[in-house]
1. Identify, please: which residue in region 213-233 is part of a strand (DSSP E or B) and either open to solvent by 10 Å² or more (accessible area, probe 1.4 Å) or modelled with pLDDT under 95 (or both) and is, among those, nearest to Ile169 (Cα to Cα)?
2. Only one of these is within 24 Å of Asn105 (Cα to Cα), touching a residue at least 24 places away in the same chain (Cβ under 8 Å) and either buried (at least 20 other Cβ atoms within 10 Å of the Cβ) or not assigned by the TED database to the domain that holds Pro121 (or both): Arg60, Arg10, Arg5. Name it.
3. What are the residues in region 147-175 that are part of a strand (DSSP E or B) and surrounded by fewer than 21 Cβ atoms within 10 Å (Cβ to Cβ), if any?
4. Looking at region 169-198, I want the residues that are closer than 16 Å to Ile4 by Cβ and have a partner that is at pLDDT below 95 and open to solvent by 10 Å² or more (accessible area, probe 1.4 Å) with Cβ atoms under 9 Å, at least 6 apart or on another chain. Which pairs are those?
5. When only residues in region 66-94 that are crowded, with 22+ Cβ neighbours inside 10 Å and among the hydrophobic types (A, V, I, L, M, F, W, C) count, which is nearest to Leu18 (Cα to Cα)?
6. Can you run down the residue pairs with Cβ atoms below 8 Å, 6 or more apart or on separate chains, where the first is in region 92-106 and part of a loop (DSSP other than H, G, I, E, B) and the partner is surrounded by fewer than 22 Cβ atoms within 10 Å (Cβ to Cβ) and of a type in the set (Val, Ile, Thr)?
7. Given the criterion in contact with a Leu (Cβ under 9 Å, 6 or more places away or on another chain) and assigned to a loop (DSSP other than H, G, I, E, B), identify the matching residue among Tyr67, Tyr87.
8. Give Gly36, Gly53 a once-over and let me know the one that is farther than 25 Å from Phe229 by Cα and surrounded by fewer than 20 Cβ atoms within 10 Å (Cβ to Cβ).
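The values are calculated or read from the model by the stated rules, or taken from the named source; none is laboratory data. Every value quoted in this text rests on a predicted model; they were computed, and no experiment measured them. Cβ placement follows ideal geometry from the backbone for every residue including glycine, while neighbour counts extend to all protein chains displayed. All accessible areas refer to the heavy atoms of the entire protein, side chains included, with ligands and DNA or RNA removed. Shrake-Rupley method; radii C 1.70, N 1.55, O 1.52, S 1.80 Å.
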Amino acid sequence: MLQIRHSEERGAANHGWLNSHHSFSFGSYHDPLHMGFGPLLVINEDRVTPGQGFGTHGHRDMEIISYVLDGALEHKDSMGTGSVLHYGDVQRMSAGSGVRHSEFNHSATDGLHFLQIWIQPNVTGIAPSYEEKHFTPESKRGKLRLIASSDGRQGSVLIHQDAAIYASILQEGEQAEHALDEGRIAYVHLIRGSLVVNGTPLKAGDALKLTQEAAVTLTQAEDAEVLVFDLPR
């Protein structure tokens, strides 16, 4: 079964310094039909103006993943971690028993564009931890590159959930497929370009929920960058 989530149907919040689109209910945006999908609870597409950002705030018992699309994301946290991330960088923070952090646009002149992803962990109260990895465009081109997993395999960041996230960059004539084990569900978020997923056309910002499907099939790509989530129900 397939269910499309059109880009323009997402929740929108424009705070001046932040322009955000919410794929699932978040903050003041509430939609009972979009409260998450399996353990995937948040995909926010955030654009932050130069020199602005999210002040220090707290989280607990959440896997928080940042996927930088353009610009420089400056991160600082109560674990003593400080970093500036750019395109291709993937950051994972396990909030566990509690962590405080801030996220800012490091540049005084250029905008920041990134995806903020929250996944509910399958363990609670663990010590907070941080990890970041860089994935080159070449490693994602024409194929699905594992970027997050429950065991950190293939150089992916480790998340505390029986889930996997793949990233791909597909040009015209390229396609990719990911098999789904029985009982698994999938969520496809198209970052940019256009793509056909299991026969369903998607444009930038669109997403597709897949249940009771044997595989995720990506075809008819045009300058596409996409994330594929393999999730438990």
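1. Asp223
2. Arg10
3. Of everything in region 147-175, those that are part of a strand (DSSP E or B) and surrounded by fewer than 21 Cβ atoms within 10 Å (Cβ to Cβ) turn out to be Ser149, Leu158.
4. Cβ pairs passing all conditions: Ile185/Arg233.
5. Of everything passing the filter in region 66-94, Leu73 is nearest to Leu18 (Cα to Cα).
6. Pairs found: Ala95/Ile64; Gly96/Thr124; Gly96/Ile126; Ser97/Ile126; His106/Val84.
7. Answer to the selection: Tyr87.
8. Gly53
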